[in-house]
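Encoded as structure tokens, the structure appears first; notes follow it.
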Amino acid sequence: MKTSSVSTFDPAKYELRAEVLKAMASPVRLYLLDLLAGGERQAGELAEQVSLDPSTVSRHLSVIAGAGLVGRRREGVKVFYFLLVPCALSFMQCVESVLRGRETRAARAAGEADEA
């Protein structure tokens, strides 16, 4: 059995991690991150893509920007957003692996139930 390299529980460290994960815990925010993986986008364009009111999308963008996942720059009255940490996409690949595993286990269980 593998032992953990974590020696002591540091609540502050895990609270900071949880804040980033909470910022990602929204289907809209996850979609916005996927959109930004394709490159910088103007806030209005993102609102059109997700078919939501611009003020709602702006709030979502503020949350993920506050968590340090995206950055923003202003050009006149337009605000552009960009992905700051591409590793967030790697994390999403990990999540996809978990989901594929779940599907595989569910299909296997369903097959075993059919055989019974």
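None of the figures in this text is laboratory data; all of them are computed from the coordinates on show. This is a predicted model, so every value here is computed, not measured. Cβ: placed from backbone, ideal geometry, glycine included. Neighbour counts: every protein chain shown.
I want to confirm something. Restricting to region 69-88 and keeping residues that are surrounded by 14 or more Cβ atoms within 10 Å (Cβ to Cβ) and more than 15 Å from Leu46 (Cβ to Cβ), which single residue is nearest to the chain's Cα centre (by Cα)? Among them, the one singled out is Ala88.
Determine, yes or no, whether Ser4 is among the small types (Gly, Ala, Ser) and surrounded by 12 or more Cβ atoms within 10 Å (Cβ to Cβ). In short, no.
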